[in-house]
1. Which pairs do you get when a residue that is more than 15 Å from Leu170 (Cβ to Cβ), found in segment 230-242, comes within reach of a residue that is part of a loop (DSSP other than H, G, I, E, B) and hydroxyl-bearing (Ser, Thr, Tyr), reach meaning Cβ atoms under 8 angstrom, with the pair 6+ apart or on two chains?
2. Find all pairs meeting these conditions: Cβ atoms under 7 angstrom apart; at least six residues apart or on different chains; first residue within segment 118-138 and outside the structural domain of Tyr267 (by TED's automatic domain parsing) and closer than 17 Å to Ala96 by Cβ; second residue at pLDDT 90 or above and near the ligand (Cβ under 8 Å from one of its atoms).
3. Which of the residues belonging to segment 151-182 are part of a loop (DSSP other than H, G, I, E, B) and modelled with pLDDT under 90?
4. Can you find, within segment 117-132, the residue that is nearest to Met268 (Cα to Cα) among those that are in a strand (DSSP E or B) and either in contact with a Lys or Arg (Cβ under 7 Å, 6 or more places away or on another chain) or more than 14 Å from the ligand (Cβ to nearest atom) (or both)?
5. Phe88 is checked against (1) among the aromatic types (Phe, Trp, Tyr); (2) in contact with an Asp or Glu (Cβ under 8 Å, 6 or more places away or on another chain); (3) part of a helix (DSSP H, G or I) and fails just one. What number does that condition carry?
Amino acid sequence: MSKNRTLPFGYAYENGEVVRNQKEARAVAQIFELYILGKSLSEIPEMLTIPFNGEDSKWDKHKVKRVLENKKYIGDGTYPQIIRKEDFDHVARIMASKRGNKVVLSDELQAIRDKAYCHHCGRHICRKLDRHKKETWICYECYYGYKITDDIILSISTALLNILIANPSLAENNEDKPYTPTDEIVRREQNISNSLASSTVEANEIIKAIMQNAEKKYDCCSYDDTAEITKKIKEKLTEHAPLKSFDLMLFEEIVEEIQPDIGCSIYMKLKNGAIIQHAIKRGENNERRS
Ligand SMILES: [Zn+2]
């Protein structure tokens, strides 16, 4: 039977649809496992018992590499999933670190990095590896590095999201924002009271100015949609099941900023400005994989 070469290894056509080729899919899973276990691209071909494509085609390190880099294995609309996304990302990180320095972040870490700000000065912070290859988040304003590993930042963020799911009322922003007039309003009010004091200004002019100013005041107040955002956040949390792992979609929907702090502590600022904080105590996270 001739094999359709346009399909990646691990898949077959069945009734016009792409399905898993069970035998090949097992080989794909095996390649990822072996690579994660530390086997090299040139060691893996010898360990595989399922031929690459057809009987006579032998595995080599280039074919193994192509499998490890093929994003279709994590599944999309057309291709059924063969590899867990965590494993795919894990392999991508190992490959990147072997290539040298260029770091490929998982989507989750990328999302966290995009929202990472310094807890002390509010500046965007950068993720770097220190000379021991430990993750550090650096603020170039404070010149301070928050030493917090990827695993911990993801675990604490997940824990924070779970705390919110269990208690949506924590997402309320309790900071009352009293009305404070803008400089422009203050200046306009000053003008109006000056006009009132002067006898040369038409009453109509003054009334017009007062009306305009009231509109301005109303404008600036109506832009505060915090209550509406809070309501939406609470709805999302209420309908959400507790998380087993980091949830990128929920994170994007409700989180504005992630602020690491010293002592493996993280502040999570929501889109309505509410802030919650959680820290990992010593010994709580000693199940790290090597
Ligand atoms: Zn700073």
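The values are calculated or read from the model by the stated rules, or taken from the named source; none is laboratory data. Source: prediction; values computed, not measured. Cβ atoms come from the backbone with ideal geometry, glycine included; neighbour counts cover every protein chain shown.
1. none
2. As it stands, the answer is none, since no pair meets every condition given.
3. Matches in segment 151-182: Asn173, Asn174, Glu175, Asp176, Lys177, Pro178, Tyr179, Thr180, Pro181, Thr182.
4. Ranking the qualifying residues of segment 117-132, first place goes to Tyr117.
5. Going through the list (1) among the aromatic types (Phe, Trp, Tyr); (2) in contact with an Asp or Glu (Cβ under 8 Å, 6 or more places away or on another chain); (3) part of a helix (DSSP H, G or I), Phe88 breaks only (2).
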